[in-house]
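Just so it is clear, none of the values below were taken in a lab; they were calculated from the coordinates. Just so you know, these numbers come straight off a predicted model, no measurement behind them. Here Cβ is always computed from backbone atoms with ideal geometry, including for glycine, and neighbour counts include all displayed protein chains.
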Ligand code: NAP
């Protein structure tokens, strides 16, 4: 089994990474940074997001697992004292692979006629790059839906619905549903300007396009990555064909994780 361990970088996570690395090598497993079959992130959900972006080109072959060194995470749900058990399960191939949907974002540029494609595990957010009101025509399935005015838009995956989307009042969506959710960030609603106001959940076969009205420069975040795009003609959001694969060693149902993270950990 070829593996790699990504650490958050703090002392606790680095020490646990070193301990796991030694244990796994002693058991005959091979560290392989380039083509790991299993990627273990040690830190938090943010660390798993980084691991995903480092290995998204290998998603057909690579499964992810997260160990948390801080609080319980949605992607990082193994505790430091459980890692021996985790490593023995990896060695014995005692895991199932479960797949979660991803968000595909395609930015199309006017002048050059080019495009850039991104995959997000949590979400993409769109804002202007200078703090002014974002004004965008939102089309769903190639039909005009609304002219959005406000701070921004958040388009999240089901597993990302517990992250920024939740803070915006979006619904929590079970990751077995192949869907994306569009949530408003501080929309302007008055007698002149009108948006739907509610989060929208789109199925896999529905695509959303947002088209600039008064600017061509935007801040687009893809998970933790923040990029400025110039000369934007349109941005397309839909459920990606690719999925992230998680190695599941024991049942830890999504709604249990929601309960333990947001209600109370028993
Ligand atoms: P960060 O600002 O350092 O951390 C943001 C927090 O979001 C961390 O506590 C992180 O958990 C948690 N988180 C990440 N993915 C999650 C998920 N799927 N479900 C529940 N919580 C999750 O940023 P970061 O670590 O680089 O992560 C980037 C993410 O932060 C973005 O994708 C966005 O979803 C989230 N974010 C949230 C808000 C908000 O809630 N108001 C604002 C901005 C960004 P860990 O501590 O376990 O890493």
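Please list the radius of gyration and Dmax for the stretch 61-132, considering alpha-carbon atoms only, with Å as the unit.
Radius of gyration, then largest Cα-Cα span, for the stretch 61-132: 19.0, 55 Å.
Could you work out [θ]222 nm for the chain from helices alone, using -39500 (n - 2.57) per DSSP H run of at least four and dividing by all its residues? Round to the nearest 500 deg cm²/dmol. Write down the numbers at each step before the final one.
Working: 5 runs with 45 residues, N = 266.
Value at 222 nm, helices only, nearest 500: -5000 deg cm²/dmol.
Mind giving me the nanometre distance, one decimal, between the label points for residue 88 and residue 19, set 7 Å out from Cα along Cα→Cβ?
Modelled inter-label distance: 1.6 nm.
Any idea how far apart residue 35 and residue 81 come out in nm if each label point goes 7 Å out from Cα toward Cβ?
About 4.0 nm separates the two model spin labels.
How high is the relative contact order of the stretch 1-88? Use alpha-carbon pairs under 8 Å, at least six apart in sequence, and give a whole percent. Display every interim value, and only then the final one.
Details: 150 pairs, mean separation 26.4, N = 88.
Reported as a whole number, the value is 30 percent.
Taking the number of other C-beta atoms within 10 Å as the exposure measure, put 11, 195 in order starting with the fewest.
Values: 11 8, 195 17.
So the residues, fewest neighbours to most, are 11, 195.
Nearest 5 is fine: what % of DSSP beta bridges in the stretch 1-132 come out antiparallel, could you say?
Details: 6 of 21 bridges.
Percent antiparallel among DSSP bridges in the stretch 1-132 is about 30.
The stretch 107-266: D in µm²/s via Stokes-Einstein (Kirkwood Rh, Cα pairs, 4 °C, 1.567 mPa s)?
Details: Rh = 16.7 Å.
Calculated translational D: 78 µm²/s.
Please give the direction-averaged projected area of the C-alpha convex hull for the stretch 1-95, in square nanometres with one decimal.
Values: hull surface 21.5 nm².
Reported value for the Cα convex hull: 5.4 nm².
With label points built 7 Å along Cα→Cβ from the Cα atoms of residue 194 and residue 11, find their separation and express it in nm.
Inter-label distance under the simple model: 6.0 nm.
Between the stretch 176-225 and the stretch 1-66, how many Å separate their Cα centres?
Their Cα centres are 33 Å away from one another.
What's the extension gain from residue 96 to residue 225 if we count 0.36 nm per residue and subtract their Cα-Cα distance? Could the numbers behind the result be given before it?
Working: separation 129, 0.36 × 129 = 46.44 nm, distance 2.98 nm.
Residue separation times 0.36 nm, minus the Cα-Cα distance, leaves 43.5 nm.
Indicate, rounded to the nearest 5 percent, the antiparallel portion of the DSSP beta bridges found entirely in the chain.
Values: 58 of 74 bridges.
About 80 percent, rounded to the nearest 5.
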